[in-house]
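*Asks:* Okay, here's the structure, questions in a sec.
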Amino acid sequence: MINQPLILITLLIQLGVSAAVSSVLARSRRFRVLLFHEDRDIWEKLEMVLFIGGPFMLGVMARATVKNFLAADVSFEAAILIGVIAGRSAGVCGGILVSLPYLFMHEYMNLPLNVAAGLSAGFLRELAKDREAIWSFSPLFDLSIYRWIRRSIAKAFIDWQTSFFFMILGLQFVRLETRALLPRYTYALDSPNWLVRGAIYIASVMTVAIALKVLNNTRIEMKLEERERLLLQARMEALQSQINPHFLFNTLNSVASLVRFEPDTARELILKLSKILRRLLKKGDSFVELREELEFIDDYLDIEVIRFGSDKLQVVKELDPASLEVVVPTMLIQPIVENSIKHGLAPKISGGTIYIRSRIHDGTLVIEVEDDGVGIVEPGSDVSEWNAPQRGSGIGMANVRERLNVLYSDAARVEMESRTGAGTIVRIVLPIPHKGAMDGINYDLRSNSPR
């Protein structure tokens, strides 16, 4: 017979074991994914059984091999936990898994008892109208017994949390009675002292409730992360939608100026614009390879060359072949090129040259757009649209800065160098993404579809 103080101490440690195992499980990325998605297929349910049942099965083995380590054996509560989280089939499988060590210890009755616990919890899970009631379970289901009784009688029902509470107590009662009848083949903490026995009942409920509480905190954290991701995605889409009308408005103005006097040129310009429109209207990734981004810039520059004339606008590219494979945000370079033409070269009577460079330097991608235009005429001038954030009121450059801040935070930067009458150079430095990681980039934003 186990002395009463030892039973009470064991029950307290048992609560700690439940919290510790749940906390360790919550650190597994795969388990977090399984936990977050409520609708699981058969293989995902089996994964849940292994994730939760494995550690608690080891706890049963520890109780059998380590003297006075009774608190490690919480297989009964584990079977209930698996059932209520993953359903009936998982509850049955979990009850079997955590009970395997009992067969070697000749405590055969624990197997059907745990299977029944997992099955009952899984069945009750399916009766829950609101799955969130499962995760908010607490043994303190209602501090006002009078209010609870009045509500139950008035509506002729018992809510899910109350049902789960009494189900655990009922299963524990059956378990203890089975132990009283077949003590040789059944393991369970028990005591003739009614206070200690009451503590055993409450400890079972608390063990399940603590595990659910820890795992629910993980679910809440993941929900917040998911909402933050969706918010960033919405913010990115809003920023990207700012660029498209801005660019199209300027291009259509160019077309309008050519339609009457140079219809053939206007036709060619419209064909170029149609290619750009297909790109803009395409619902795809928010990131593309630099090679594809530069192909888009080529179409845009073809339009500008037609508008300005090849004698007044020239384009020179100095591209590192290795840099062309790097993934960059879509529509990143076009606003910079547009500003170079609009504010750097357009005011210059003789026109000029746009230089586009890309290279890899110290593990980063460096993209430069340089012009030999008028530069910054004077501090605070509208010509210096891209200068400092406080003076860059234009849609294009403000958009680029905002998008980079959303996607890369402090991992990316935009630099500008300009001399009056000598031109301006804008330099973008981006981290290079690697397979399986994006080094500070919100990689999930690459897809417009939720995970």
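The values are calculated or read from the model by the stated rules, or taken from the named source; none is laboratory data. What you see is a predicted model, and the numbers here were worked out from it, not measured in a lab. Cβ atoms come from the backbone with ideal geometry, glycine included; neighbour counts cover every protein chain shown. The accessibility values were calculated without ligands, DNA or RNA, using every heavy atom of the protein model including side chains. Shrake-Rupley method; radii C 1.70, N 1.55, O 1.52, S 1.80 Å.
*Asks:* Tell me yes or no: at least one residue of the range 368-383 is at pLDDT 85 or above and of a type in the set (S, T, N, Q).
*Replies:* Checked against the condition, which is being at pLDDT 85 or above and of a type in the set (S, T, N, Q), the range 368-383 yields no hits at all.
*Asks:* Within the range 150-164, is there a residue that is modelled with pLDDT of 60 or more and among the small types (Gly, Ala, Ser)?
*Replies:* Yes: the range 150-164 contains one or more residues that are modelled with pLDDT of 60 or more and among the small types (Gly, Ala, Ser).
*Asks:* Going through the range 27-59 one residue at a time, which ones are of a type in the set (A, V, I, L, M, F, W, C) and open to solvent by less than 60 Å² (accessible area, probe 1.4 Å)?
*Replies:* 31, 33, 34, 35, 36, 48, 49, 51, 52, 56, 57
*Asks:* Cβ-Cβ under 9 Å, sequence separation 6+ or interchain: first residue in the range 254-271 and in contact (Cβ under 8 Å) with a residue 40 or more places away in the chain, partner open to solvent by 70 Å² or more (accessible area, probe 1.4 Å). Which pairs?
*Replies:* Close Cβ pairs satisfying both conditions: 254/307; 257/307; 258/307; 265/307.
*Asks:* State all residues of the range 343-357 that are touching a residue at least 60 places away in the same chain (Cβ under 8 Å) and open to solvent by less than 10 Å² (accessible area, probe 1.4 Å); if no residue qualifies, say none.
*Replies:* 344, 356 - these are the residues of the range 343-357 that are touching a residue at least 60 places away in the same chain (Cβ under 8 Å) and open to solvent by less than 10 Å² (accessible area, probe 1.4 Å).
*Asks:* Right, here's the next one. Just checking, which of 100, 81, 119 is touching a residue at least 40 places away in the same chain (Cβ under 8 Å) and open to solvent by 10 Å² or more (accessible area, probe 1.4 Å)?
*Replies:* 100
*Asks:* Report, ordered by the first and then the second residue, all pairs with beta carbons closer than 6 Å, sequence separation of six or more or different chains, a first member in the range 305-323 that is closer than 14 Å to residue 268 by Cα and free of Cβ contacts under 8 Å to residues at least 12 places away in the same chain, and a second member that is charged (D, E, K, R) and open to solvent by less than 50 Å² (accessible area, probe 1.4 Å).
*Replies:* none
*Asks:* In the range 132-149, how many are surrounded by 11 or more Cβ atoms within 10 Å (Cβ to Cβ), in a loop (DSSP other than H, G, I, E, B) and at pLDDT 55 or above?
*Replies:* Within the range 132-149, residues that are surrounded by 11 or more Cβ atoms within 10 Å (Cβ to Cβ), in a loop (DSSP other than H, G, I, E, B) and at pLDDT 55 or above number 4.
*Asks:* So residue 5 ticks every box in (1) closer than 18 Å to residue 218 by Cα; (2) free of Cβ contacts under 8 Å to residues at least 24 places away in the same chain; (3) surrounded by fewer than 13 Cβ atoms within 10 Å (Cβ to Cβ) but one. Which box is left unticked?
*Replies:* Of the numbered conditions (1) closer than 18 Å to residue 218 by Cα; (2) free of Cβ contacts under 8 Å to residues at least 24 places away in the same chain; (3) surrounded by fewer than 13 Cβ atoms within 10 Å (Cβ to Cβ), the odd one out for residue 5 is (1).
*Asks:* Kindly indicate whether residue 212 is farther than 26 Å from residue 342 by Cβ, open to solvent by less than 20 Å² (accessible area, probe 1.4 Å) and at pLDDT 65 or above.
*Replies:* Considered against the rule, which asks whether it is farther than 26 Å from residue 342 by Cβ, open to solvent by less than 20 Å² (accessible area, probe 1.4 Å) and at pLDDT 65 or above, residue 212 comes out as yes.
*Asks:* Out of everything in the range 423-451 that is modelled with pLDDT under 80 and of a type in the set (A, V, I, L, M), what residue ends up being farthest from residue 375 (Cα to Cα)?
*Replies:* By that ranking, first place goes to 437.
*Asks:* A further question on this structure: Within the range 83-98, identify whether any single residue is farther than 26 Å from residue 160 by Cα and of a type in the set (D, E, K, R), and answer yes or no.
*Replies:* There is no residue in the range 83-98 that is farther than 26 Å from residue 160 by Cα and of a type in the set (D, E, K, R).
*Asks:* What is the number of the single condition among (1) open to solvent by less than 10 Å² (accessible area, probe 1.4 Å); (2) at pLDDT below 90 that residue 388 does not meet?
*Replies:* (1)
*Asks:* Answer yes if at least one residue in the range 276-283 is closer than 22 Å to residue 330 by Cβ and modelled with pLDDT of 80 or more, and no otherwise.
*Replies:* Taking every residue of the range 276-283 in turn, none turns out to be closer than 22 Å to residue 330 by Cβ and modelled with pLDDT of 80 or more.
*Asks:* Has the range 322-342 got any residue that is modelled with pLDDT of 85 or more, open to solvent by 50 Å² or more (accessible area, probe 1.4 Å) and either more than 30 Å from residue 256 (Cβ to Cβ) or touching a Ser or Thr at 6+ places or on another chain (Cβ under 9 Å) (or both)?
*Replies:* Yes.
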